[in-house]
Amino acid sequence: MNKIFNFGYTKVTSKEKTELVQKVFSDVSKNYDLMNDIMSLGAHRLWKKKFVELVDPLKDDKIIDVGSGSGDIVIELLKKNINIDIDVVDLNYEMINIGEKRIKNKKVNFHINNAENLKFENNSFDKYLISFCLRNISNIDKSLNEAFRILKPGGKYFCLEFSKPKSFFISKIYNKYKANFIPLVGKLVADNKAAYNYLNESIDLFPNQNQLKVKLTKAGFINVSYINLFNGIVTIHKGYKL
Ligand SMILES: C[S@@+](CC[C@H](N)C(=O)[O-])C[C@H]1O[C@@H](n2cnc3c(N)ncnc32)[C@H](O)[C@@H]1O
């Protein structure tokens, strides 16, 4: 029997969700960077900076950035100016194409690949990074199992993603902002209200901090922990493979 997944509030099969999400990213790719700046009022830059600080890339690390999109995380990693190999993965041709145009570095390799079924060998990477992508993957558990498989023993998993604010008051304001401002800006700037409606709904339906921690533990990671940024609007989860 086909398992049912959420594409926003619509129930779909895994294949349908993947296709619908890919259509969203093909449609928004041209305005993706501008929309990130407008919707987060620039805050996504701080979140990504903090993320890369926590990742703490070391000389000769082999790193994979999954759902890399236009490549912000890779650009942040390269600013550290140390010798690292980076494999960049995204399922969307238009998005990865933007990344490829922005990043010219012989230590960075680009791949079109689904996070649920990675083409890399077992025990290949020191660090697995995923930023604002996990929410869009049809089968999150499958992608966590894949992350675990391709990490070396001693390897580390890092996920930056929207989560749930801790304060009731902030939560109220944030929910109104998400439900009204984001689709409106989506319509005005990108002429695509539906795509940004999906963004709002996908944030609502994504597992909260503790639920994601449980999923990571089930996938085999140990010492799983998270830190909240902006009161938990965004969270960074971290886990280790023994
Ligand atoms: C919101 S963007 C995040 C881009 C970038 N990491 C950032 O933080 O700005 C999500 C990206 O994940 C990609 N994506 C969605 N589902 C995927 C999957 N199953 N496998 C690989 N990439 C996927 C999308 O194509 C898109 O480029």
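Check whether at least one residue in the range 123-141 is surrounded by 16 or more Cβ atoms within 10 Å (Cβ to Cβ), under 16 Å from the mean Cα position of the chain (by Cα), closer than 16 Å to LYS213 by Cα and charged (D, E, K, R), and report yes or no. Within the range 123-141, one or more residues are surrounded by 16 or more Cβ atoms within 10 Å (Cβ to Cβ), under 16 Å from the mean Cα position of the chain (by Cα), closer than 16 Å to LYS213 by Cα and charged (D, E, K, R).
A single entry from GLU94, GLU100, GLU76 fulfils the requirement of being charged (D, E, K, R), farther than 21 Å from SER202 by Cβ and buried (at least 17 other Cβ atoms within 10 Å of the Cβ): GLU76.
Of all residues in the range 110-136, those that are among the β-branched types (Val, Ile, Thr) have Cβ atoms under 8 Å from Cβ atoms of residues that are surrounded by fewer than 19 Cβ atoms within 10 Å (Cβ to Cβ), 6 or more apart or on another chain, in ILE112/TYR93.
Specify which of the listed residues (ASP60, ASP72) is under 18 Å from the mean Cα position of the chain (by Cα), at pLDDT 95 or above and of a type in the set (Asp, Glu). Reasoning before the result, please.
Values: ASP60 fails: under 18 Å from the mean Cα position of the chain (by Cα).
Exactly one of ASP60, ASP72 is under 18 Å from the mean Cα position of the chain (by Cα), at pLDDT 95 or above and of a type in the set (Asp, Glu), namely ASP72.
Scanning the range 144-158 for residues that are surrounded by fewer than 24 Cβ atoms within 10 Å (Cβ to Cβ) and within 13 Å of the ligand (Cβ to nearest atom), which turns out farthest from THR235 (Cα to Cα)? My answer is GLU146.
Within the range 46-57, residues that are buried (at least 16 other Cβ atoms within 10 Å of the Cβ) sit with their Cβ atoms under 7 Å from residues that are of a type in the set (Ser, Thr, Tyr), at 6+ positions apart or across chains, in these pairs: LYS48/SER131; PHE51/SER131.
In the range 69-91, the residues that are without any contact (Cβ under 8 Å) to a residue 40 or more places away in the chain and closer than 10 Å to PRO57 by Cβ form no Cβ pair under 7 Å with any partner that is of a type in the set (S, T, N, Q) and surrounded by 15 or more Cβ atoms within 10 Å (Cβ to Cβ), whether six or more places apart or across chains.
Go through the range 44-69 and give me each residue that's under 20 Å from ILE150 (Cβ atoms), part of a helix (DSSP H, G or I) and near the ligand (Cβ under 9 Å from one of its atoms). Listed by number, the list holds a single entry, PHE51.
Can we say ILE84 is more than 28 Å from GLU19 (Cα to Cα) and either polar (S, T, N, Q) or at pLDDT 95 or above (or both)? Spelling it out, ILE84 is indeed more than 28 Å from GLU19 (Cα to Cα) and either polar (S, T, N, Q) or at pLDDT 95 or above (or both). A Cβ distance below 7 Å, combined with a sequence gap of six or more or placement on separate chains, defines the contacts here; from the range 1-25, residues that are among the hydrophobic types (A, V, I, L, M, F, W, C) reach residues that are within 11 Å of the ligand (Cβ to nearest atom) and not in a helix (DSSP H, G or I) in the pairs PHE5/SER138; PHE25/ASN92.
Checking each residue in the range 167-176 for being in a helix (DSSP H, G or I), more than 28 Å from GLU76 (Cα to Cα) and touching a helix residue (DSSP H, G or I) at 6+ places or on another chain (Cβ under 9 Å) picks out ILE170, SER171, ASN175. Mind listing just one residue for me: the one in the range 106-134 that is in contact with a strand residue (DSSP E or B) (Cβ under 9 Å, 6 or more places away or on another chain) and within 8 Å of the ligand (Cβ to nearest atom) and, of those, farthest from PRO207 (Cα to Cα)? Ranking the candidates gives ASN113 first.
Taking the listed residues TYR9, TYR32, the one that is aromatic (Phe, Trp, Tyr) and exposed (fewer than 14 other Cβ atoms within 10 Å of the Cβ) is TYR9, with no other qualifying. Only one entry of ASN97, ASN92 meets the criterion of being over 16 Å from the mean Cα position of the chain (by Cα), within 12 Å of the ligand (Cβ to nearest atom) and modelled with pLDDT of 95 or more, and that entry is ASN97.
The values are calculated or read from the model by the stated rules, or taken from the named source; none is laboratory data. Model, not experiment: these values are computed from the prediction. Note that we place each Cβ from the backbone using ideal geometry, even for glycine, and neighbour counts take in every protein chain shown.
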